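Working notes, beginning with the structure itself.
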There are 2 protein chains.
Amino acid sequence: MTGRNGGAELTPIEPSPVVILVRPQLAENIGAVARAMGNGGLFHLRLVSPRDGWPQERAWRMASGAHRILDKVQVFATVAEAVADLHRVFATCPRPRHIIKPVLTARGGAAEAVAIGARGLRCGVLFGPERAGLDNDEIAQADSLIRYDLNPGFMSLNLAQAVMIFGYEWWLARQNEPAPRALRTHETAPATKGELNHFMDHLIRECDASGFLKNEQKRPGMVRNLRHFFQRGEVTRQELNTLHGVISELVRGRKQ
Amino acid sequence: MTGRNGGAELTPIEPSPVVILVRPQLAENIGAVARAMGNGGLFHLRLVSPRDGWPQERAWRMASGAHRILDKVQVFATVAEAVADLHRVFATCPRPRHIIKPVLTARGGAAEAVAIGARGLRCGVLFGPERAGLDNDEIAQADSLIRYDLNPGFMSLNLAQAVMIFGYEWWLARQNEPAPRALRTHETAPATKGELNHFMDHLIRECDASGFLKNEQKRPGMVRNLRHFFQRGEVTRQELNTLHGVISELVRGRKQ
């Protein structure tokens, strides 16, 4: 099933979702992911805190020619930084914990990714490390979860296969792409994840200052819950500005 | 994305398509195929003339616990023997040659596999060796081709990924399975590939005897064309009996 060309024709199809590997362990797997991405027409690959650093020659050797994808890899220290310019984030998650977020199939997620792209917005998909999966704080950065619909009696996808299935579904979903179904109003626009996180930082800083989060044991869970809540809708820039104002005002009142 | 269980729950879901690896080279890939199959609920694995023989311990090491699939592997010398008890055969083929056969997507092929199973018939899917793919005579054993709908600018699936995508689509197609749409008439039944090949042997033996295939250079292509033709419809046992009779009668006439 190997193609003849060496990836020379690999060019980004815009808008294509960003694949984000969180704390990947083996460079070989990063290379295999790039190869899988090429098959599905995906191009943008980001790494969050790769265990062995980056670049790693072993990745290029496993990429079967998908070198252009690896050459353009971006590396980030945290998930928050890796998603800062995105408008929508999906997290692949084989066993969703008790989290109030929409859970989509790969097919449903790919259809949403296409719909988001048709509105001129950017999305990304988080994939956890080889064994452990994403942790709760990383999942909290996502708007929706993607859970692959596969044999519950034997779920054992490797990283490249997980990316492969998403890319495959995205490639097919693009071909059924309807006309953009919702035009932006131009009066406001969905916030990026960076803008949302900037707001969350503001909120949490003030919560800390107020003593609301002073129970150190409960703090991480409370912060996550706040994040889940603000993540749920598709918050606009205008709304974020309003929310920033609300916090500033509340603080001012308390400080008087 | 690794599951917790070691494949203990892997049991055949009937009727599930048979995965047939033709001349596979690396035992590691056979193991990776078994793992991919487990994810999609596939169970039956057959090998045609594996390069390094069988069994190979390296396969078990790559199977991530899909041992029950490997334990039950069946090995055959030829594709014809491997498909003899099947009623419908698909061949995965990234670049279909000029062959008059239906070409399906993985999704379409999986839907057909489910429909065939719902009629109580068995099907199989041929996957060629790692680099070379299936040869023309092997493809001639198939009723339909499956061509994966992926980025034409970078088609580079490994064997396990190719099996993975088919298994994934089969798993999803099963969930949309309608009630069996066509009951067998009980007056006759579709022939197995073994019955068809038995007839083809009869036909070709007599063609040889008659001198019809005496041009040695043209013989392989002519035999393939005959096979393509008889493969095209879903030939029944009754029809095959009739065809056997036709040949016998024609021969008798010539010999008199």
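The values are calculated or read from the model by the stated rules, or taken from the named source; none is laboratory data. Because the structure is a prediction, the values reported are computed rather than measured. Positions of Cβ are backbone-derived with ideal geometry, glycine not excepted, and every protein chain shown enters the neighbour counts. What goes into the accessible areas is simple: the full protein's heavy atoms, side chains included, and nothing from ligands, DNA or RNA. Shrake-Rupley method; radii C 1.70, N 1.55, O 1.52, S 1.80 Å.
Structure data summary
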item	result
Hits in the range A:105-148 (condition: in a helix (DSSP H, G or I), open to solvent by 20 Å² or more (accessible area, probe 1.4 Å) and within 12 Å of chain B (Cβ to nearest Cβ))	A:ARG107, A:GLY108
Test: residue in the range B:219-226 that is polar (S, T, N, Q), at pLDDT below 85 and open to solvent by 80 Å² or more (accessible area, probe 1.4 Å)	yes
Residue in the range A:32-46 that is over 24 Å from A:ALA84 (Cα atoms), open to solvent by less than 10 Å² (accessible area, probe 1.4 Å) and more than 14 Å from chain B (Cβ to nearest Cβ) present	no
Qualifying positions in the range B:154-170 - open to solvent by 10 Å² or more (accessible area, probe 1.4 Å) and outside any helix (DSSP H, G or I)	B:MET155, B:ASN158
Index of the failed condition, A:PRO94 passing every other in (1) more than 29 Å from A:ALA118 (Cα to Cα); (2) of a type outside the set (S, T, N, Q); (3) at pLDDT below 95; (4) open to solvent by 30 Å² or more (accessible area, probe 1.4 Å)	(1)
Which numbered condition B:ARG51 fails, given (1) part of a loop (DSSP other than H, G, I, E, B); (2) more than 20 Å from the chain's Cα centre (by Cα)	(2)
Any hit, the range A:11-29, residues being within 27 Å of A:SER156 (Cα to Cα), within 17 Å of the chain's Cα centre (by Cα) and modelled with pLDDT under 90	no
Residue match in the range A:22-33 (condition: of a type in the set (Val, Ile, Thr) and in a strand (DSSP E or B))	yes
Answer residue from the range A:227-244, given it is open to solvent by 70 Å² or more (accessible area, probe 1.4 Å) and in contact (Cβ under 8 Å) with a residue 12 or more places away in the chain and is nearest to A:ARG122 (Cα to Cα) among those	A:GLU234
Any chance B:ASN39 is farther than 20 Å from A:PRO152 by Cβ and not hydrophobic (A, V, I, L, M, F, W, C)	no
